[in-house]
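The structure appears right after this line, and notes come after that.
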Amino acid sequence: MPIVASFHLTRYPWRHALAAMAGLPTRQRALTAVPGLRFARQLGTGRGSHMGLGADLCRWATFAVWDDESALDAFLDTSPLAVRWQDQGDETWSVRLAPLSAHGSWGGARPLAEIEARSDPDHDDDHDEAPVAVLTRARIGLRHWPAFYRSVPAVEDHLRHQPGLLAVVGIGEAPVGLQATFSLWRSTASMGAFAYRGSAHEAVVRRTRAEGWFGEELFARFRPYASCGTWDDTDPLAVTRR
């Protein structure tokens, strides 16, 4: 059976927010014992759709890679963490992700290595009209922090004007320096129009490579094929199923 990834987003009421933050290291260690789980990260989130500085202490995310769908099913059915999302969260949203392409590493691990070995992320089908999810993650070199965060507003402004964007959230393992984004798009074509075609994002990507901003990075695309719950009161993928 093919590997599967998942992304989970939970908003807690304030009475549970500090406990969610304090328990992050314990929950991360507990995930290492989950059967069939290849890789997982517990992540903080930015405010709203912002990807720069600032955090939403009530909203937390989890990204995971599984041996197969049955391992993910077992986790959602029996894990205390998954139960906590439902019992304590004001709102929770989860999506199952079929990996399409990947390159790079995360904390020295290559969680999508078998996909990376057979994919070419620079040559995905730009005419694919199915929805696509994109995960980008980077460890930013300390001396490049100012340049990186100065570049964020222009990219965010351009991103918000993309008609093909369904949803986006800034995520990370630390308030600065270990940054990531998870975004959903109507199609590969709409995502490519933002990422590569003369955009502010493309200009920043060229700078990161020319000036060596990132000590480590991961870029992955997925086919989101099943979702449940809500994200800001709606399932962003619902519009693609109409």
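Values computed for the structure shown
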item: Among Cys228, Leu218, Ser151 the positive-end extreme of the charge dipole of the chain (Cβ point charges); result: Ser151
item: Whole-Hz ³J(HN,Hα) from phi, Karplus 6.51 cos²θ - 1.76 cosθ + 1.60, for segment 145-154, glycine and proline x; result: 3, x, 5, 4, 6, 5, 7, 5, x, 5
item: Among Ala130, Ala174, Ala102 the positive-end extreme of the charge dipole of the chain (Cβ point charges); result: Ala174
item: Cα-centre dipole for the chain with unit charges at Cβ (Lys and Arg positive, Asp and Glu negative), debye to 20; result: 700 debye
item: Radius 13 Å from Cβ of Ala180, net charge of other residues (Lys, Arg +1; Asp, Glu -1); result: 0
item: Cβ-based charge dipole, segment 1-70, positive-most Cα from Ala61, Thr45, Ala22; result: Ala22
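Taken together, the values in this text are just the output of simple stated rules run on the coordinates, not laboratory data. Here the structure is a predicted model, which means the values were calculated and not measured. Ideal geometry is used to build each Cβ from the backbone, glycine not excepted, and the neighbour counts take in all protein chains shown.
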